[in-house]
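Note sheet for the following structure.
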Amino acid sequence: MTRPVSQHGPLAVFDLGKTNSKLFVFAPDGAVLDERRAKPVWGSYKGRAVLDEQHFFRWMHRELTDVVSKHGVTGLMISAHGCTFALVQGQDRLLHPILDYEQEIPDAVAAKIAPILPDFSETYTPHLPLGFCIARHIFWLEEEEPQAFAETESILCYPQYWIWRFTGRHLSEYSYLGAHNQLWAPLKRDYSSLVDRLGWRSKFPAIVPSGTIVGQATVRLNDGSETTIDVHNGVHDSNSALAYYRMTGLEHFTIVSTGTWVIIINLDCPLGALDEERDMLSNVTVNGEPAPSLRFMGGREYDLISGGWSKPIGQAAVQAVMARGVFALPSWAAGGPFPEVKGEIVGGEVAGEERAAVAALYVVMMTDLSLDLIRSTNKVVVDGGLAKIELYTSMLAQLRSTQAVVRSTMSEGSATGAAALAFKARGSFPFKDETVPVAASGIAGLEVYRDRWRDLASAARARARHAAGLE
């Protein structure tokens, strides 16, 4: 027996991060009814790091079946991390495993594509390493897997790959096409010259706004019966978070979206202020507008510096390492405002909670600097995992004393933004502004520490650039 779909039941949202992936169930009034979590599994194919997508899809399918059975879910939406794509044909053929973006392309391939990447003034995307620009990874597969590429009917962005798995439809979407990948020209609101130069335009399917109902998926329930649920076109995660706060009525704000990456977006920043040498770029909103952005791998760097510390950090530990003049200097992961510099701890040895305190200070210092670089003078909205850490938000509020700093109380902006986009397609707007003010920490000497950190980081950058012949 097949039950008919209802437009007004709960919504399932897969929020697919690089390190952690989640499934949330949202009631029609916006309340979270359920939550499931998993970690993607990465393997190897012909020497390339790739996603075990069959393992991942089994998890997604199993959990979706369960929440549809338990909660009467009637819709599915997907938010996903950037830098990832798939080559597909027809309704069921993946032509190459999905690449892990944290791998560099071969030197010979890099030498071929580097001279033809568009100018920053066209794409507002710097020439990024690894797979942070998916055009480089697409080109890599075209060079080394020409048969698979020739058979490719569609190049699907990561959220749209999963939409395809559930519906068979080939689709594109603004926020992902414009997410720092050299494929999109934000001011033209069209594909970049690179796409036409390489003859790829025909391989990108029709653009459909995120949240739009694009098909149905059949789900076999736990009792053996079947039902169909609506499937909404997916979205890039950081742009989903931005859309959420805009849809709750906020305007003239800077979002600090935190997870593996810290993505900072300030729509009030002029595009001319973006510095391509500091990982500043233009993303694209779900409506196709330019979205001036800066990013660094803050969550990853915190884990690396702290040694994976997951316990609370006391203010006493912060004050102790500040008093001793211990600093973590950039960079501990690829990208960010200091891409030329290799991270190090200076000023003495630290361990345990004190090392974690140095890591926390580092992420605050990087966020504070990034806010200056992106010309942030408006309200600061902190979202994601770091919004849960009082020490991070309170120190940031202290350093941004001329700005209002607020944090999200639900800390899942990308998933909630995805839900809001899907609910909007149903004609429903259940979410309200739930941010709360952050009280400044009042740590004596924090501003002095910040100034010294900036001096040390700037000096390290200057040395590295001089050694590389960049200045």
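Structure notes:
- Residue in region 214-227 that is farthest from the chain's Cα centre (by Cα), counting only those that are surrounded by fewer than 16 Cβ atoms within 10 Å (Cβ to Cβ) and in a strand (DSSP E or B): Glu226
- Output for region 289-310, where each listed residue is in contact (Cβ under 8 Å) with a residue 24 or more places away in the chain and on the phi > 0 side of the Ramachandran plot: Gly307
Here is a yes/no grid of residues against (1) within 23 Å of the chain's Cα centre (by Cα); (2) open to solvent by 10 Å² or more (accessible area, probe 1.4 Å); (3) modelled with pLDDT of 95 or more:
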site	(1), (2), (3)
Met1	no, yes, no
Pro10	no, yes, yes
Gly17	yes, yes, no
Thr74	no, yes, yes
Leu87	yes, no, yes
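- Some residue of region 61-72 being touching a residue at least 60 places away in the same chain (Cβ under 8 Å) and open to solvent by less than 10 Å² (accessible area, probe 1.4 Å): yes
- Region 92-122, subset of a type in the set (D, E, K, R) and within 15 Å of Ser192 (Cα to Cα), residue surrounded by the fewest Cβ atoms within 10 Å (Cβ to Cβ): Asp119
- When residues in region 123-139 are screened for being open to solvent by 10 Å² or more (accessible area, probe 1.4 Å) and either modelled with pLDDT under 90 or touching a strand residue (DSSP E or B) at 6+ places or on another chain (Cβ under 8 Å) (or both), 5 of them pass.
- Verdict on Val109 being over 24 Å from Val231 (Cβ atoms), in contact with an Asp or Glu (Cβ under 9 Å, 6 or more places away or on another chain) and β-branched (Val, Ile, Thr): yes
- Note on region 421-469: among residues that are small (Gly, Ala, Ser), part of a loop (DSSP other than H, G, I, E, B) and at pLDDT below 95, the one that is surrounded by the most Cβ atoms within 10 Å (Cβ to Cβ) is Ser428.
- Scan of region 375-384 for residues that are open to solvent by less than 40 Å² (accessible area, probe 1.4 Å) and either out of contact with any Asp or Glu (no Cβ under 9 Å at 6 or more places or on another chain) or on the phi > 0 side of the Ramachandran plot (or both), ordered by number: Val380, Val381, Val382, Gly384
- Any chance Trp261 is touching a Lys or Arg at 6+ places or on another chain (Cβ under 6 Å), open to solvent by 30 Å² or more (accessible area, probe 1.4 Å) and within 22 Å of Gly384 (Cα to Cα): yes
- Search result, residues across region 184-196 that are open to solvent by less than 10 Å² (accessible area, probe 1.4 Å) and either free of Cβ contacts under 8 Å to residues at least 60 places away in the same chain or over 21 Å from Ser210 (Cα atoms) (or both): Leu194, Val195
- Among the residues listed as Ser240, Ser293, Ser210, the single one being open to solvent by less than 40 Å² (accessible area, probe 1.4 Å), at pLDDT 90 or above, closer than 17 Å to Gly413 by Cα and in a helix (DSSP H, G or I): Ser240
- Criterion (among the polar types (S, T, N, Q) and surrounded by fewer than 21 Cβ atoms within 10 Å (Cβ to Cβ)) met by exactly one of Thr367, Thr409: Thr409
- Failed item in (1) surrounded by fewer than 18 Cβ atoms within 10 Å (Cβ to Cβ); (2) more than 20 Å from the chain's Cα centre (by Cα); (3) touching a residue at least 24 places away in the same chain (Cβ under 8 Å); (4) not in a helix (DSSP H, G or I), with Ile313 passing the rest: (1)
The values are calculated or read from the model by the stated rules, or taken from the named source; none is laboratory data. As the structure is a computational prediction, the values presented were derived from the model and not from experiment. Reconstructed Cβ throughout: ideal geometry from the backbone, glycine too, with neighbour counts over all protein chains shown. Areas reflect the complete protein model, heavy atoms only, side chains present, ligands, DNA and RNA absent. Shrake-Rupley method; radii C 1.70, N 1.55, O 1.52, S 1.80 Å.
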